[in-house]
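Here is the structure we will look at.
The values are calculated or read from the model by the stated rules, or taken from the named source; none is laboratory data. Because the structure is a prediction, the values reported are computed rather than measured. Note that each Cβ is placed from the backbone with ideal geometry, even for glycine, and that neighbours are counted across all protein chains shown.
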Amino acid sequence: MKYIDEFRDGALARKLAAAIVAEAEPGRRYHLMEFCGGHTHAISRYGITDLLPPSVRMIHGPGCPVCVLPIGRVDLAIGLALQQRVILATYGDCLRVPASNGLSLLKAKARGGDVRMVYSPADALTLAQAHPEREVVFFAIGFETTTPPTALVIKQAARLGLANFSVVCNHVLTPAAITNILESPEVRQLGTLALDGFIGPAHVSTIIGSQPYEFFAEEYHKPVVIAGFEPLDVMQAILMLVRQINQGRAEVENEFTRAVSREGNVKAQALVSEVFELRRTFEWRGLGQVPYSALRIRDAFATFDAERRFSLETRSVADNKACECGAILRGVKQPRDCKAFGTLCTPENPIGSCMVSSEGACAAYYSYGRFRETPGVAAPI
Ligand code: SF4
């Protein structure tokens, strides 16, 4: 398949692995964070860490939209389904995220809540058109990639004059999360999380472009390489980061030139800023309250804002004490560090959100058998 097979070529992968081994200096450590859950998934699925020298360590970042959704926001959605009796529409992965009182949206559905899985915001809009007598709420999650389609349906709902459609907006922003990680005590004061460079997200960058990452390169002196989601994309990005670190450079480089430009998708950016504005703060699972890290619906479209329509208040709820998702999302721990991993917590019975989505680090490790310390990977510091 064009643009797939050539990026999964085993012979080329071996050449890239040999180049990384040859260029990574044995006396040096390369702590590289892949921000995005799609990269975490690719790294686990294709066993990329097995091909890396001991000096190169991959750290998993918080770029999985389902994983970073805090319990309090899922509780909002469950309340809408069970108390307000709306039709609650959302993506499949959201249905199994554990919430308060042992509930999830799926369990709320079993208790009689009208919870529907949709593949797109447009499906939710269609539901609202098909059920004019019911309130239909779309529970929107995701980074910059999934925000434009949500903006589009809100505009469509306005154009159609749909009075029974609204959105709970949980859309979050990648650059704010990277800043939060770089400013975190683990990185700045405690020194427990060494970070030498980032693999930048693929799909997110098709929307926002490569320009926003220039700040991290300049301000924090951290190299960033934007990479596609195929295994050779990731390996090429690792090689490019190793080279930058060896040469003392901190630049933004783009490995994913087949889809990402410096400016990004300007039309999509304009659409998003027409419908959404920055929230002052938003709670992320694992990162806590992160200033200006999420979007809310602008006053001009307030009638489609479910938080205002139903006077919703988000409560902050602590994660299950047995769950290490918070530390994993900050890059401080790995799934194997969690005592519940693969025993009490499995994809069939997830305790935390990182075991729910295929982009979650715990689910990726579990699915691809990364139960033990991977050969060639340095132990967590
Ligand atoms: S294995 Fe389960 S309980 Fe442990 S950190 Fe991952 S999601 Fe949380």
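No other residue among 277, 230 is assigned by TED's automatic domain parsing to the domain that holds residue 180 and not basic (Lys, Arg) apart from 230.
Over 20 Å from residue 145 (Cα atoms), over 22 Å from the mean Cα position of the chain (by Cα) and not assigned by TED's automatic domain parsing to the domain that holds residue 30 - does that describe any residue in the stretch 282-299? Yes, some residue in the stretch 282-299 is over 20 Å from residue 145 (Cα atoms), over 22 Å from the mean Cα position of the chain (by Cα) and not assigned by TED's automatic domain parsing to the domain that holds residue 30. Among the residues of the stretch 277-317, those that are without any contact (Cβ under 8 Å) to a residue 40 or more places away in the chain and either within 16 Å of the ligand (Cβ to nearest atom) or of a type in the set (Lys, Arg) (or both) comprise 279, 280, 298, 308. Applying a threshold of 6 Å to beta carbon distances and a minimum spacing of six or more residues, or different chains, the list of pairs starting in the stretch 335-359 at a residue that is under 15 Å from residue 285 (Cβ atoms) and ending at one that is polar (S, T, N, Q) and modelled with pLDDT under 95 reads 351/320. The set of residues in the stretch 161-185 being touching a residue at least 12 places away in the same chain (Cβ under 8 Å) and not hydrophobic (A, V, I, L, M, F, W, C) consists of 164, 166, 170, 171, 174, 175, 179, 180, 184.
Matching residues to (1) part of a helix (DSSP H, G or I); (2) in the same structural domain as residue 16 (by TED's automatic domain parsing); (3) in contact with a strand residue (DSSP E or B) (Cβ under 9 Å, 6 or more places away or on another chain):
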| position | (1), (2), (3) |
| --- | --- |
| 199 | no, yes, yes |
| 204 | yes, yes, yes |
| 238 | yes, yes, yes |
| 244 | yes, yes, yes |
| 248 | no, yes, no |
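What residue, among those in the stretch 243-280 that are aliphatic (A, V, I, L, M) and under 21 Å from residue 20 (Cα atoms), is surrounded by the fewest Cβ atoms within 10 Å (Cβ to Cβ)? Only one residue tops the list, namely 250.
Right, residue 363: free of Cβ contacts under 8 Å to residues at least 24 places away in the same chain, farther than 30 Å from residue 84 by Cα and either assigned by TED's automatic domain parsing to the domain that holds residue 54 or in contact with a Pro (Cβ under 6 Å, 6 or more places away or on another chain) (or both) or not? So residue 363 passes the test. Can you tell me which residues in the stretch 329-381 are modelled with pLDDT of 90 or more and among the acidic types (Asp, Glu)? 337, 348 - these are the residues of the stretch 329-381 that are modelled with pLDDT of 90 or more and among the acidic types (Asp, Glu). Do we have any residue at all in the stretch 177-192 that's modelled with pLDDT of 95 or more, within 30 Å of residue 71 (Cβ to Cβ) and outside any strand (DSSP E or B)? So far as the stretch 177-192 goes, no, none of its residues is modelled with pLDDT of 95 or more, within 30 Å of residue 71 (Cβ to Cβ) and outside any strand (DSSP E or B).
If you filter the stretch 348-359 down to residues that are in a loop (DSSP other than H, G, I, E, B) and near the ligand (Cβ under 7 Å from one of its atoms), you find that the one that is surrounded by the most Cβ atoms within 10 Å (Cβ to Cβ) is 352.
Looking at the stretch 267-317, the strands (runs of 3 or more DSSP E) lying wholly inside it that each contain 3 or more residues that are on the phi < 0 side of the Ramachandran plot and touching a Ser or Thr at 6+ places or on another chain (Cβ under 8 Å) sit at 281-284, 288-291. Here the condition is being among the basic types (Lys, Arg) and over 24 Å from residue 230 (Cβ atoms); of 85, 45, it holds for 85 alone. Residues in the stretch 336-345 that are surrounded by 14 or more Cβ atoms within 10 Å (Cβ to Cβ) and more than 8 Å from the ligand (Cβ to nearest atom): 336 only. Within the stretch 38-56, the set of residues being surrounded by 18 or more Cβ atoms within 10 Å (Cβ to Cβ) and more than 19 Å from residue 369 (Cβ to Cβ) comprises 38, 53, 55, 56.
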